[in-house]
Each structure stands twice: as structure tokens, then as C-alpha cells.
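As C-alpha cells, the structure follows; a few thoughts come after it.
Derivation of every value follows stated rules applied to the coordinates shown; laboratory data play no part. Bear in mind that the values here come from a model prediction, so they are computed numbers and not experimental data. In this analysis, Cβ positions are derived from the backbone assuming ideal geometry, glycine residues included, and neighbour counts consider all displayed protein chains.
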Amino acid sequence: MGAVTLTNVTKTYDEGKVLAVDDVSLSVEPGELFGLIGPDGAGKSTLFRILTTVLLADNGTATVDGYDVVKDYRAIRKTVGYMPGRFSLYQDLTVEENLTFFATLFGTTIRENYDLIKDIYEQIEPFKTRRAGKLSGGMKQKLALCCALIHKPTVLFLDEPTTGVDVVSRREFWAMLKRLKQQGITILVSTPYMDEAVLCERIALIQTGQLLSVDTPQNIVNAYAGQLFAARADSIPHALTEIRQFDPVRSSYAFGDTIHVTFRDDNEQNQQQLTQYLQQKGHTNVAVTAITPTIEDRFIQLMTKDTSS
Ligand SMILES: Nc1ncnc2c1ncn2[C@@H]1O[C@H](COP(=O)(O)OP(=O)(O)OP(=O)(O)O)[C@@H](O)[C@H]1O
């Protein structure tokens with residue numbers, strides 16, 4: 001059995017008016033670093049709340065470490081670590097007091113499981129007498145992770161741990177997750193950042209409560225249907241409007257400082273025809289190049305269902 005399983009789980013809010021999780025089934029293997037990837041409102045937090053026994057599903061079953069989220073909620077609460085999306089620490093307590101509080105809650109001490117948090121705690125230790133509310137985003141995130149780990153959980157749920165955190169802290173955070181994984185902890189992490197998806201062993205792409213795809217990041221990219229092109233021109237907004245009116249184009253969207261384009265039929269003329277079309281429309285510095293898709297491209301493809309795959 002997986003370390004975490006969901007079977008046909010559905011959850012609605014507001015007396016059924018909001019469908020937050022729609023018939024989701026999933027299995028996460030023991031020791032896996034698994035990512036739940038999706039935009040705001042996709043249902044990530046709802047799934048995490050169900051799995052950490054904070055919320056009851058309307059339908060379906062779920063287990064963590066073999067325990068049922070309804071029947072065995074007490075056992076699950078003892079065994080999992082949960083870092084909720086919104087900052088969960090006591091703002092008026094110091095770094096050290098927060099950690100001691102969470103340790104006491106689980107009947108343990110900082111000393112007992114210090115090995116597990118050592119790497120992370122050492123970075124915030126110089127500020128141990130500072131109130132949590134006065135820490136930077138990256139420091140808060142490290143402290144919250146220490147608090148979620150202090151009772152040595154077997155499964156760790158991290159709900160958007162890097163949202164609102166600077167790029168350097170984000171990178172450090174993922175390095176920490178890799179080290180925790182080496183200690184055998186199963187880690188489920190949710191993120192809206194596509195660049196973090198590639199750091200997971202497997203990911204689930206989630207949108208409006210439904211899983212669009214569950215696989216390794218590489219397989220998800222490999223499943224991209226058709227050839228993708230990046231178009232460049234001096235005026236991206238105008239070029240995008242025009243590309244959308246070009247009949248052979250199936251899909252087009254702004255992507256950084258380029259426009260990603262797919263065609264209804266993949267053929268050798270597409271690249272040249274689009275270049276000529278944009279030049280005829282008066283665009284300057286036009287370049288159209290074939291590119292390798294990213295996870296975000298595959299996500300957009302699945303969301304817009306612009307192919308039959
Ligand atoms: N307590 C609630 N009452 C009503 N609707 C809710 C509630 N909590 C979440 N929702 C709705 O359920 C859907 C899924 O929300 P959820 O928070 O699970 O998504 P998410 O992927 O975690 O996004 P976010 O990052 O915005 O939290 C959204 O449409 C959201 O507005």
C-alpha cells in the first residue's frame with residue numbers, strides 16, 4: 001500500500017455549490033518526494049486538509065501510512081508533519097519557544113529529534129530569541145518546517161511552503177527537502193511554481209479539483225502532443241493578437257518574452273509561414289524557433305485540451 005492513498009475523493013463547500021476536489025484517486029509511494037502542482041484554487045489545500053484529518057471528504061476514502069483518515073485520525077495526527085499554507089506559527093513566541101511548544105505538543109523534546117532538524121535549525125538559531133512575527137519570510141518558512149518535523153513524522157505535508165519566499169530561500173528549501181527525503185520521510189509538497197515541479201520525483205497536475213496527469217516530470221513533458229514553437233518579435237502583445245488570427249495556429253500564449261505556438265497540422269512549412277505572416281503584418285525582429293516544451297506547456301495543453309491527448 002502507498003504511504004498516502006486517495007480513492008475517489010470528492011469535497012464540496014457551501015452546501016455543494018463549490019466543487020473543490022472532484023473524484024481524485026492517487027497513490028504516493030513510501031519515501032517519495034511528490035508534488036501537487038496547480039494554480040490558486042485548484043484544490044491543493046483541500047486535499048492536504050483531508051489527508052491531515054483537518055477536514056472530512058464528502059465521498060471517497062483516504063489513507064496515510066495505512067491509517068484511514070476518518071477511523072484512525074488520532075494515529076495520523078501523531079505520525080504526520082503538516083506545514084499549512086498560511087503561516088502557522090505563534091507570532092508572539094520566539095523561535096525557540098515555538099519549537100519547544102510543538103515538541104511538547106507531541107510529547108517530545110527538541111533534543112530528542114535534533115538530528116532531523118539540525119541542518120535547518122542551525123540557520124535560524126542565531127535568531128532563537130526573536131519573535132516569529134519579526135522573522136523574514138525565508139526564516140519563518142525554516143522555522144515552520146522545523147516545527148513540522150520536530151516529532152519525526154513519517155509523512156510530511158507541505159502546503160505551498162515557498163509561496164512568497166525569495167528565490168534564494170526557495171532554492172535552499174528544496175535542497176533541504178532532498179536531504180529529508182534521504183532520511184526516508186515521504187514528502188508531499190504543493191506549489192503553484194512550475195519550476196519547482198521538476199524537483200519532485202513524481203507530480204500530479206491539478207486544476208479545478210481534478211488531476212490532469214500524474215507522472216514523473218520528464219514523462220509529463222514527453223507526453224506533450226505536437227511540435228512547440230517560440231515566436232519572437234519586437235511587440236509581443238501585437239504579435240500575439242495577430243498570431244491568434246493566423247488560421248494554421250492551434251494555440252498561442254505569451255510565455256516570458258516569447259509567444260508559444262502550436263499548429264493544427266505539424267508540417268515543415270509552419271515555421272517559415274508564421275515568420276512570413278508576422279513580417280507581412282509589419283513586425284520587426286521576427287524569429288520562430290522549434291523548442292522543447294516545459295511542464296507548464298504540458299499543463300496549459302491539458303487545461304485547454306487543445307489536442308485530443
Ligand atoms: N472554506 C471554504 N469555503 C468555501 N469555499 C472554499 C473553502 N476553502 C476553499 N474553497 C474553494 O475551494 C476551491 C479549492 O480551494 P483550495 O484552497 O483547496 O485550493 P488551492 O489549490 O489550495 O489554492 P490556494 O492556493 O488558493 O489555497 C477554491 O475554489 C476555493 O475558493
task: Quick one: count up the residues across the range 138-169 that are farther than 17 Å from Phe34 by Cβ and of a type in the set (Ser, Thr, Tyr).
output: 2
- prompt: Between residues in the range 59-78 that are at positive phi and residues that are assigned to a loop (DSSP other than H, G, I, E, B), which pairs lie under 7 Å by C-beta distance while being six or more apart or on different chains?
  reply: Asp65/Ala3; Asp65/Thr154; Gly66/Met1
- request: Being of a type in the set (A, V, I, L, M, F, W, C) and touching a residue at least 40 places away in the same chain (Cβ under 8 Å) is the filter here, so list the residues in the range 106-138 that pass it.
  value: Phe106, Ile110, Leu116, Ile120, Ala132, Leu135
- prompt: Could you say whether any residue in the range 145-166 is within 16 Å of the ligand (Cβ to nearest atom), among the aliphatic types (A, V, I, L, M) and either free of Cβ contacts under 8 Å to residues at least 12 places away in the same chain or under 29 Å from Pro30 (Cβ atoms) (or both)?
  reply: yes
- request: Scan (1) on the phi > 0 side of the Ramachandran plot; (2) of a type in the set (Lys, Arg); (3) in a helix (DSSP H, G or I) for the single condition Lys152 breaks and write down its number.
  value: (3)
- prompt: Can you tell me how many residues in the range 285-301 are within 27 Å of Thr208 (Cα to Cα), buried (at least 20 other Cβ atoms within 10 Å of the Cβ) and hydrophobic (A, V, I, L, M, F, W, C)?
  reply: 2
message: Out of Tyr121, Tyr82, I need the residue that is under 21 Å from Lys181 (Cβ atoms) and touching a strand residue (DSSP E or B) at 6+ places or on another chain (Cβ under 7 Å). Which one?
response: Tyr82
